[in-house]
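Shown next, in structure tokens, is the structure this report addresses.
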């Protein structure tokens, strides 16, 4: 079995490795993630300092970071509600015939 790699595959691979190493694929993911977790406070700070000019909010990685942040927030909220429901039951759990 032979694997043929032409010049364009090599160039595409080099560009992909370069973009991963320079962070152009990773940083938008973390920026979108942080934007959701900070309730938009990082957007306000980026706008005030002028750093928002380098953030591409339309990129797929930024949107993936946003969705990841929303998922993590929902998971933390569900875990908190579940823990509180467990604590509200007390040591006896739900007693039969009691008003819940």
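Bear in mind that the values in this text are calculations on the coordinates, not laboratory data. Just so it is clear, the structure is predicted and the values come from calculations on it, not from any experiment. Neighbour counts run over all protein chains shown; Cβ positions are idealised from the backbone, glycine included.
Would you mind putting 63-73, 45-55 in packing order, based on average other-beta-carbon counts within 10 Å, highest first?
Numbers: 63-73: 15.4, 45-55: 11.8.
Top to bottom by mean Cβ count within 10 Å: 63-73, 45-55.
Tell me, in nm to one decimal, what length is gained between residue 44 and residue 56 on full extension, where the rule is 0.36 nm per residue of separation less the Cα-Cα distance?
On the way: separation 12, 0.36 × 12 = 4.32 nm, distance 1.52 nm.
Once the chain is fully extended between residue 44 and residue 56, it gains 2.8 nm.
Take the Cβ-Cβ distance between residue 88 and residue 17 as r, set R0 to 41 Å, and report the resulting FRET efficiency rounded to the nearest 0.05.
Values: r = 52 Å, r/R0 = 1.28.
That pair, residue 88 with residue 17, gives E of 0.20.
State, as an integer percentage, the relative contact order of the stretch 22-88 based on alpha-carbon contacts under 8 Å between residues 6 or more apart.
Details: 52 pairs, mean separation 28.7, N = 67.
The normalised contact order for the stretch 22-88 reaches 43 percent.
Just the Kirkwood number for the stretch 22-88, please: inverse of mean 1/r across all distinct Cα pairs, in Å, one decimal.
Working: mean 1/r = 0.0772 Å⁻¹.
After inverting the pairwise mean of 1/r, the radius is 13.0 Å.
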